[in-house]
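Colleague: Quick one: this structure, given as C-alpha cells, is what I'll be asking you about.
The values are calculated or read from the model by the stated rules, or taken from the named source; none is laboratory data. The structure presented is a predicted model; accordingly, all values stated were derived computationally and were not measured. Here the Cβ is made from the backbone with ideal geometry for all residues, glycine too, and neighbour counts use every protein chain on show.
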Amino acid sequence: MSDELYQFKEGYIEENDKKTVIEKLSKDPDILTLVQKGILPKEEILLHPFTLNQWLSSKQLCDSCKGLSMCKQKQTGYCEEIIYDGVLGTEYHPCVYLKEHLSTQKHLDYYIYNDLPKELATISFESIQLEKEDSAYINAVKEALQGCEEEFGRYFYGTMGTGKTYLSICMLNQFAKQKRKVAFVHCPKFQEKLYGYARWESQEIIDPLLIADVVVFDDIGAEEVTDRYRAVLLSILDDRLQNHKMTIFTSNEDHNSLLSHYRIGSKSDDLNAAMRIIERIQALSKPVKLVSNDKRNLYRTSM
C-alpha cells in the first residue's frame with residue numbers, strides 16, 4: 001500500500017480511503033447520472049474523487065430540504081453544481097426554492113419609491129380569502145379590482161386595521177407585475193423625509209411621485225401638517241391630476257375630517273390650501289369606506 005497522502009478539507013486521507021471513496025462514487029446513482037448524460041467523464045471519478053464526494057455531501061443537504069427556511073447550505077438558497085469544461089469544477093446556483101422566492105419579488109424592481117411594509121411586499125388579490133369575508137369587505141375588494149381595470153384611483157378610508165393598506169398594495173403590485181412604474185408612499189414617513197431635506201434637495205424624493213404611473217399615498221392625514229408639506233403635497237397631486245396619473249389613497253379620515261386636518265398647520269390656518277388638496281383627492285379617486293373587522297393579525301404573513 002502506498003504511503004501517499006491526499007489532502008481533504010482539514011485533514012489527510014490515506015490511499016485506501018481514496019479507493020473506498022472511488023468505489024462509493026462508482027455506484028452512486030447521482031454520479032452515474034452525470035456520466036450517462038455526458039456531463040462528467042467517467043475517468044474524473046478516479047482523478048478527483050474527493051471533489052465529487054464533497055459535491056455529493058452538499059447535494060444531500062439539498063435533497064432533504066423543504067424550503068428556504070430549512071436551508072443548511074452556507075449561502076442560503078444556493079446549491080452546488082458540477083461543471084466540466086476540460087477541468088472539473090463546481091458552481092453555486094439558486095435552488096428551486098430561491099428561484100421561486102425571487103420570482104415573487106421581481107415586481108419590486110418597478111417600485112421607484114418604496115415604503116412598503118416588508119410583510120406585505122408580495123401580496124396580491126389572490127391572497128384574499130373571500131369566503132371568510134363579509135359582504136362589505138367583498139364590495140371593497142370589487143372596488144379595488146374595478147379601480148385596476150379603469151385605471152382610476154380609490155380613496156380607501158375607515159378605522160384602523162380594516163384592510164385599507166392591504167387593498168391598496170394589491171392594486172399597486174398588480175400594476176408592478178405589468179412592469180409599470182409604481183410608488184408606495186407612507187405619508188408620515190414622507191413628511192419626515194421632506195423635513196430632513198433642504199428645499200433644493202427635496203426634488204430627489206418628489207420626482208418619483210411625479211413620474212410613477214401609479215402611486216399609493218398610505219395613511220394620508222396621519223402626518224404632521226406644515227406650510228411646506230401642504231405646498232409640496234398639493235403640487236404633487238396637481239401634477240398627477242394634470243397628467244392623468246392614477247393615484248390611490250388610504251386614510252383613517254373621510255374627506256371632511258381630512259379637510260380639517262390639512263387646514264390647521266403647525267403655524268397657520270389655511271382653509272383654501274386644505275380645500276385645494278381635498279379637491280385634487282376627490283378628482284383623482286373614488287371614495288370607498290371599509291367597515292370590516294380588524295384584519296391586522298389576518299394579514300400578518302412571514303416572508
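Colleague: Any residue at all in region 154-161 that's more than 20 Å from ARG240 (Cβ to Cβ), hydroxyl-bearing (Ser, Thr, Tyr), assigned by TED's automatic domain parsing to the domain that holds ILE278 and surrounded by 19 or more Cβ atoms within 10 Å (Cβ to Cβ)?
Modeller: Checking region 154-161: not a single residue is more than 20 Å from ARG240 (Cβ to Cβ), hydroxyl-bearing (Ser, Thr, Tyr), assigned by TED's automatic domain parsing to the domain that holds ILE278 and surrounded by 19 or more Cβ atoms within 10 Å (Cβ to Cβ).
Colleague: Check every one of the helices (runs of 4 or more DSSP H) wholly within region 1-116 and list those with 3 or more residues that are at pLDDT 85 or above and surrounded by 14 or more Cβ atoms within 10 Å (Cβ to Cβ).
Modeller: 15-27, 29-36, 49-63
Colleague: Quick check on my filter: what residues within region 279-303 are aliphatic (A, V, I, L, M) and modelled with pLDDT under 95?
Modeller: LEU290, VAL291, LEU298, MET303
Colleague: Here is a further query. Taking region 181-224, which residues are under 21 Å from ASP269 (Cα atoms) and touching a strand residue (DSSP E or B) at 6+ places or on another chain (Cβ under 7 Å)?
Modeller: CYS187, ILE220, GLY221
Colleague: I would also like to ask the following. Among the numbered conditions (1) more than 20 Å from LYS118 (Cα to Cα); (2) touching a Gly at 6+ places or on another chain (Cβ under 8 Å); (3) at pLDDT 95 or above, tell me where ILE248 comes up short.
Modeller: (1)
Colleague: Just to be sure I understand the filter: pairs with C-beta atoms under 8 Å, separated by 6 or more residues or on different chains, first member in region 231-242 and more than 17 Å from ILE264 (Cβ to Cβ) and hydrophobic (A, V, I, L, M, F, W, C), second member modelled with pLDDT of 95 or more and surrounded by fewer than 15 Cβ atoms within 10 Å (Cβ to Cβ). Which pairs pass?
Modeller: LEU241/ALA283
Colleague: Now, a different point. Provide a single number: the residues in region 169-222 that are in contact (Cβ under 8 Å) with a residue 40 or more places away in the chain, part of a loop (DSSP other than H, G, I, E, B) and under 16 Å from ASN243 (Cβ atoms).
Modeller: Looking only at that region, the number is 3.
Colleague: Does ASP270 satisfy the condition of being at pLDDT below 95 and in contact with a strand residue (DSSP E or B) (Cβ under 9 Å, 6 or more places away or on another chain)?
Modeller: yes
Colleague: Something else: Name the residue that is surrounded by the fewest Cβ atoms within 10 Å (Cβ to Cβ), counting only residues in region 117-144 that are of a type in the set (A, V, I, L, M) and in contact (Cβ under 8 Å) with a residue 24 or more places away in the chain.
Modeller: Across region 117-144, the extreme among qualifying residues is ALA136.
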